[in-house]
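Below is one structure, written out as structure tokens; comments come after it.
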Amino acid sequence: MNFPLKTILIDDESLALSRLRRLLEKHPETFQIVSEAQNGGEGLAQINKYQPDLIFLDIEMPILNGFEMLSKLNRMPMVVFSTAFDQYAIRAFEENSVDYLLKPVENDRLLKTIDKLRNMPLAGNTSVHNPYADNLLRLLEEMKPRKEIFSLSVKTGDRILLIQLTEITHFEAEEKYVFLNTLDGQKYLLSYTLTSLEEKLPDHFLRISRAGIVNSHHIKEIQKHFNGKFTILMRDRKSSQLSSGSTYGEVIRHLLDN
């Protein structure tokens, strides 16, 4: 990474943008400001044009917000978030971006960002992959809203049934097959894997073993077993019992604590 870093500032607030520019211009040995933008659409165009090393990015902006803009990039520069955002999100941004600056940005805090940039593993080596890029892309993917589903389709003979999630007690994998189980004791073959179901289903469907997912709304009883395992009794007509895997004990203990 060669200094000064080609830098783009992206913020829809003119005052915040000019303040940040003045602060960065005090450090010409670190930052070379090549462009500015006042929304995500402009930011995307400027990044594609100048291929910067670093961007200072606001999150809440018109046209495209900061997250939407980043998700459309072909090449991820280093990112310093410069915004006022909820405290919960800050921890995630700190771990997956170069830094996170709260507005109004102060010079003393910016000095810490500069020190961090100067001491990054890729400093002085342009061939090294940006260590934050993959993590930031994963974070953006996790933050995408999942489409809410209310039923799953199953094929039985020549018919296709829609089974409401509220009627489903659990899913079980048997050899290469995955079965859906309902409150009235019915069992249907599915075309999904447990992993794809885990990604698709709401949070109250919990993976309890390599072979099972349960609807926590229909758990009747949880019994402690040996070696950190648990036996889970369901409220379906068959009073199904499922065993948790030893590596999934934390999921069950979380249920017990609630």
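Just so you know, all these numbers are worked out from the coordinates, no wet-lab data involved. Nothing here was measured: the structure is a model prediction, and the numbers come from that model. As a convention, Cβ positions derive from the backbone with ideal geometry for all residues, glycine included, and neighbour counts pool all protein chains shown.
For S14 paired with N119, estimate the spin-label separation in nm (one decimal), with each label point 7 Å from Cα along the Cα-to-Cβ line.
3.9
Where the eigenvalues come from the Cα gyration tensor of the stretch 151-257, what are the semi-axes √(5λ) of the equivalent ellipsoid, largest first, in whole Å? Could the numbers behind the result be given before it?
Values: eigenvalues 112, 39, 30 Å².
Computed over the stretch 151-257, the values are 24, 14, 12 Å.
Take the Cα radius of gyration of the chain and divide it by 2.2 N^0.38 Å, with N its residue count; two decimals is plenty.
Working: Rg = 25.0 Å, N = 258, 2.2 N^0.38 = 18.1 Å.
That works out to 1.38 for the chain.
Give the calculated FRET efficiency between E198 and A84 to the nearest 0.05, with a Förster radius of 35 Å applied to their Cβ-Cβ distance. Before the final figure, lay out each step's value.
Details: r = 35 Å, r/R0 = 0.99.
Efficiency, rounded to the nearest 0.05: 0.50.
Convert each backbone phi in the stretch 192-199 into a coupling constant with the Karplus relation 6.51 cos²θ - 1.76 cosθ + 1.60 (shift: θ = phi - 60°), then list the ³J(HN,Hα) values in order as whole Hz, x for Gly and Pro.
8, 8, 5, 5, 5, 5, 4, 6
Within 10 Å of each residue's Cβ, count the other Cβ atoms and sort F226, F179 from fewest upward.
Values: F226 6, F179 15.
Arranged by neighbour count, lowest to highest, F226, F179 become F226, F179.
Once you list every other residue whose beta carbon is under 15 Å from the beta carbon of Q164, what net charge do they have if Lys and Arg are +1 and Asp and Glu are -1? Don't skip to the answer; put the middle values down first.
Values: positive: K200; negative: E148, E167, D184, D236.
Summing Lys/Arg as +1 and Asp/Glu as -1 gives -3.
Can you put Y188, Y100 in order of Cβ neighbours within 10 angstrom, beginning with the fewest? Display every interim value, and only then the final one.
Values: Y188 17, Y100 20.
Ascending Cβ contact count within 10 Å gives the list Y188, Y100.
Which of the three applies to the stretch 1-93, rounded, prolate or oblate, going by the alpha-carbon gyration tensor with a ≥ b ≥ c and a/c under 1.5 meaning rounded?
Working: a/c = 1.41, a/b = 1.22, b/c = 1.15.
Rounded shape, in that the Cα axes give a/c under 1.5.
What does a probe at R138 reach in the stretch 189-211, counting residues whose amide N is under 19 Å from the point 7 Å along Cα→Cβ?
Backbone N within reach: 195-196, 198-200.
Which aspartates and glutamates does K6 reach when only Cα atoms under 19 Å apart count, and residues fewer than 8 places away in its own chain are ignored?
List returned: E25, E29, E36, E42, D53, D58, D99, D115.
Between A211 and I149, with labels modelled 7 Å along Cα→Cβ, what's the label distance in nm to one decimal, could you check?
Label-label distance for A211 and I149, simple model: 2.3 nm.
Would you be so kind as to identify which of L165, G41, V178 lies farthest towards the positive end of the dipole of the chain, taking Lys and Arg as +1 and Asp and Glu as -1 on Cβ and the Cα centre as origin?
Looking along the dipole axis, the top candidate is V178.
How would you rank H170, H218, H225, going from fewest to most other Cβ atoms within 10 Å of each one's own Cβ? Could you put the intermediate results ahead of the total?
Working: H170 22, H218 19, H225 15.
Listed from fewest to most nearby Cβ atoms, that is H225, H218, H170.
Quick check on my link table: of K176/K220; K49/K112; K72/K200; K176/K200, which ones sit more than 25 Å apart, alpha carbon to alpha carbon?
The answer is K176/K220; K49/K112.
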